[in-house]
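Novice: This is the structure, below, for whatever I ask next.
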Amino acid sequence: MHTIAPVELEKAYRLINHGPTILVSARDNGTEDVMAAAWACGLDFAPAKLTVVIDKIAKTRELVEGSGMFVIQIPTVAQIQMTHAVGTRSLFTDPDKLANCGVELFSFAGFDLPFVSGCSAWLACRLIAEPHNQQVYDLFIGEVVGAWADTRVFSDGHWHFEQAPPSLRSLHYVAGGQFYATGEALNVPSET
Ligand SMILES: Cc1cc2nc3c(=O)[nH]c(=O)nc-3n(C[C@H](O)[C@H](O)[C@H](O)COP(=O)(O)O)c2cc1C
């Protein structure tokens with residue numbers, strides 16, 4: 001069953017509006033890496049932009065800076081162990097990190113980027129280079145140039161976690177090995 005559909009770039013911010021733990025991936029000169037990140041945030045609607053904090057200890061950061069491109073993707077409850085593993089192992093010290101963490105990569109046509117299989121959403125980003133922010137605050141800005149989501153949990157511009165298997169819920173990081181799965185949906189009726 002094919003469950004991945006493109007998301008309008010103007011609605012791409014909604015993929016991270018609920019504050020999930022995400023995976024950053026990048027490829028440069030044939031090297032691919034994936035890391036976990038809790039500090040990712042929407043920045044603008046059109047063109048869609050986001051921020052992510054990528055520490056200098058991360059090999060993924062080198063690949064982002066070298067290629068000027070990266071992917072932000074949203075791992076699921078089913079991927080909690082892989083998410084924790086890519087956040088605690090480094091390609092600097094483990095050349096087989098991706099295999100050891102159980103990461104599988106795939107492509108979307110027209111994007112020379114490593115996308116992580118099994119996630120619920122993917123945002124292909126072009127780095128908007130801001131060397132001062134990157135150096136001083138480890139803060140990276142991306143313009144979203146492509147977005148896709150799993151239609152079982154995101155359709156018509158909205159998440160529908162409550163109607164999907166719990167294993168597809170997003171992860172929300174606290175510290176150590178502690179995460180929460182995203183919770184119940186609450187809606188405020190619009191005033192008339
Ligand atoms: C759940 C989780 C969230 C994390 N969030 C961030 C983050 O927001 N920014 C960051 O620089 N590192 C974060 N890390 C740490 C990196 O994922 C970690 O340094 C990783 O090993 C880097 O891998 P690499 O060197 O192969 O790129 C997080 C780790 C975990 C487990």
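Novice: Once amide H atoms are built 1.01 Å from N in the peptide plane, which residues 5 or more positions from VAL145, or in another chain, come under 5 Å H to H?
Specialist: ALA124, CYS125, ARG126
Novice: Compute the projected area of the convex hull of the Cα atoms of segment 67-114, averaged over all viewing directions, and report it in nm² to one decimal place.
Specialist: Details: hull surface 16.5 nm².
If I average the Cα hull's projected area over directions, I get 4.1 nm².
Novice: Separate question: Carbon and sulfur: what percent of segment 35-95's accessible surface (1.4 Å probe)? Could you put the intermediate results ahead of the total?
Specialist: Details: 1720 of 2810 Å².
The nonpolar share, carbon plus sulfur, comes to 61 percent.
Novice: Explain nothing, just the number: dipole magnitude of segment 4-181 about its Cα centre with +1 on each Lys and Arg Cβ and -1 on each Asp and Glu Cβ, in debye rounded to the nearest 20.
Specialist: On the way: 12 positive and 19 negative charges, 59 e Å.
Dipole magnitude for segment 4-181 comes out near 280 debye.
Novice: Please calculate how many Å² of accessible area the chain carries per residue, with a 1.4 Å probe and no DNA, RNA or ligand atoms counted.
Specialist: 51
Novice: Now for a separate question. In sequence order, what are the phi-derived ³J(HN,Hα) couplings for segment 111-120 according to the Karplus relation 6.51 cos²θ - 1.76 cosθ + 1.60 with θ = phi - 60°, rounded to whole Hz, with x for glycine and proline?
Specialist: 10, 8, 9, x, 9, 8, 5, x, 6, 9
Novice: A follow-up question, please. Tell me the GluC sites (Glu not before Pro) within segment 132-192 that lie in a loop according to DSSP and have at most 14 other beta-carbon atoms within 10 Å.
Specialist: On the way: sites: GLU143, GLU162, GLU184, GLU191; in loops: GLU184, GLU191.
Sites meeting the loop and neighbour criteria: GLU184, GLU191.
Novice: In terms of Cα to Cα distance under 19 Å, which lysines are near enough to LYS11, apart from those fewer than 8 places away along the same chain?
Specialist: Counting by Cα, and skipping residues close in sequence, LYS11 has these lysines nearby: LYS49.
Novice: A follow-up question, please. Can you give the alpha-carbon Rg of the chain over 2.2 N^0.38 Å, where N counts its residues? All intermediate terms of the calculation are to be shown ahead of the outcome.
Specialist: Numbers: Rg = 16.0 Å, N = 192, 2.2 N^0.38 = 16.2 Å.
My calculation over the Cα atoms of the chain gives 0.98.
The values are calculated or read from the model by the stated rules, or taken from the named source; none is laboratory data. Please read these numbers as outputs of a predicted model, since none were measured by experiment. Here Cβ is always computed from backbone atoms with ideal geometry, including for glycine, and neighbour counts include all displayed protein chains. For the accessible areas, the whole protein counts, side chains as well, though only heavy atoms, and no ligand, DNA or RNA atoms are used. Shrake-Rupley method; radii C 1.70, N 1.55, O 1.52, S 1.80 Å.
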